[in-house]
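Below: the structure, in structure tokens.
Every number here is computed from the coordinates shown, using simple stated rules; none is lab data. Since the model is a prediction, treat every value here as computed from it, not as a measurement. As a convention, Cβ positions derive from the backbone with ideal geometry for all residues, glycine included, and neighbour counts pool all protein chains shown.
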Amino acid sequence: MGEKTKEKKLTVWESACIITGYGVGGGVMSMPYLTEKTGFLLSMFILIAALLASYVLHLMIADLAVKSDEGGQIISCLSKFLFRGKGKMALTILFFVLMALILCTNLAAYISGAEEILVELLPISGLLAKLIFYVAAAAVVLFGLKAVGVSEKIAVAVIFVLIGALAVASLFAEHHEIVWLGGSGKAALAYFGMAMFAMSAFFSIPQAVEGLGGDKGKIKKAVFLGLFNNFVLIIVISACALLASAKVTEVAMVGWSAGIGSWAQVVGGVFTILAMLTTYWSISLALGSIVQEQTKLDTRVCWILATLPSLVLSLLPLGGFMEFMRLAGGLIAIMVAVMVVPAYRNARKEVSGSFLGAYGTTWMQVLIILAYIMMGIGSIVTV
């Protein structure tokens, strides 16, 4: 048992990278397109608000995980602190199904997004591209929490190097006018929805709690660093994509790399694949842990159940990459607003101590619910 605990031990940075990896995929790459529609200055104010709201909500989840006996997954947190009475079992099963749908939809989105990039980089079919990405993504998760933490750490480091290279190259590319002001309220709401989604790592928080042994100080640092990494990436990617792109595309790297040169298209493609890999690792690790917690099945069986359905979904005609993102974002927002915040409220009353202290009181809980309702609305707004 001691050896098993040692294997699962994560550093603060590894835990932060698991959190970063959860959100660094498609949501981040969608931000420049929405920034142009909203206006750069207003977008930055909205982004700061999204970071603060996300940080508070993620600390609420960490608080629930710690109080739910050694870092329980979200479903067990809700079962302990929210679902009560005769309907407890039915509600737990219902939420388990909803959670599986949300996470599988997320995973399928990244397989579909990776296919679009791989077929441009390599002379392969779309089906083969999906299979290659799936095998590469799912294989790491098979080896567990520590393997994912180390892989995320390496991938995030490479991501920052690649973005740094592209950012420097953007300074020497032909510059295009940045829209500083303008945009509609509709565009601002869509931006807020995607910003919240890009910094959403709800289901990776229990993994960070487990890997850090429930240490509150380390957990708070890991949560902030994980979200702040994505905050920085969004700002750099948005500014450089707007500056260097002749046309800002929905998946920003396409237009951005085209504005810099052919070499940047390859670098941009590698970045995008890495971003989607890190997200897949974090989400499928969380889903596998949830399945094992609820079903008590063998670890490898849970790994198959956590990854294979996403491949199947990606092969079905269910819409493109952005449609997957919006659907998943809306479902997550509803879940958070309706379930997680009230569960935290109950946990705060029933178990002493809180990650948020005075900042977790009723007025903050109301603000967070409103923020995630706005996220849900923004995730289905088209601009």
> Sorted by packing (mean other beta-carbon atoms within 10 Å per residue), highest first, where do 271-280, 307-316 land?
Replying inline: 271-280, 307-316
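Determine the dipole magnitude for segment 1-135: charges of +1 sit on the beta-carbon of Lys and Arg, -1 on that of Asp and Glu, nothing else is charged, the reference point is the Cα centre, and the result goes in debye to the nearest 20.
Roughly 660 debye for segment 1-135.
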>> List the chymotrypsin sites (Phe, Trp or Tyr not before Pro) within segment 21-62 that DSSP assigns to loop and that have no more than 13 neighbouring Cβ atoms inside 10 Å.
In response: none
> At 25 °C and 0.890 mPa s, what whole-number value in µm²/s does Stokes-Einstein give for the translational diffusion of segment 2-378, with Rh from the Kirkwood sum over Cα pairs?
Replying inline: 119 µm²/s
>> Tell me the relative contact order for the chain as a rounded percent, counting alpha carbon contacts under 8 Å between residues six or more apart.
In response: 37 percent
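How about segment 42-120: which trypsin sites (Lys or Arg not before Pro) there are in a DSSP loop, with at most 15 other Cβ atoms within 10 Å of their Cβ?
84, 86
Would you mind checking 37/247; 67/220; 80/221 for any pair whose Cα atoms are more than 24 angstrom apart?
From 37/247; 67/220; 80/221, over 24 Å: 80/221.
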> If you take the charge dipole of the chain about its Cα centre, with +1 on Lys and Arg Cβ and -1 on Asp and Glu Cβ, which of 43, 253, 176 is farthest toward its positive end?
Replying inline: 43
> Looking at 17, 53, 344, which one has the Cα that reaches farthest to the positive end of the dipole of the chain (charges on Cβ: Lys, Arg +1; Asp, Glu -1)?
Replying inline: 344
> Could you give the dipole magnitude of segment 2-378 about its Cα centre, charging the beta-carbon of Lys and Arg +1 and that of Asp and Glu -1, in debye to the nearest 20?
Replying inline: 1180 debye
> Quick one: putting +1 on the C-beta of Lys and Arg, -1 on the C-beta of Asp and Glu, what dipole do you get for segment 189-317 around its Cα centre, in Debye to the nearest 20?
Replying inline: 220 debye
> Just from its helices, what would the mean residue ellipticity at 222 nm be for the chain, if runs of 4 or more DSSP H residues each count -39500 (n - 2.57) and the sum is divided by every residue, rounded to the nearest 500 deg cm²/dmol?
Replying inline: -26000 deg cm²/dmol
>> So if I take the centroid of the Cα atoms in segment 213-242 and the same for segment 88-162, what is the distance between those two points in Å?
In response: 20 Å
> Net charge near residue 153, counting Lys/Arg +1 and Asp/Glu -1 over other residues with Cβ under 14 Å of its Cβ?
Replying inline: 0
> Which of 129, 93, 104 sits closest to the plus end of the dipole of segment 58-145, meaning its Cα is farthest towards the positive end, when Lys and Arg get +1 and Asp and Glu get -1 on the C-beta?
Replying inline: 93
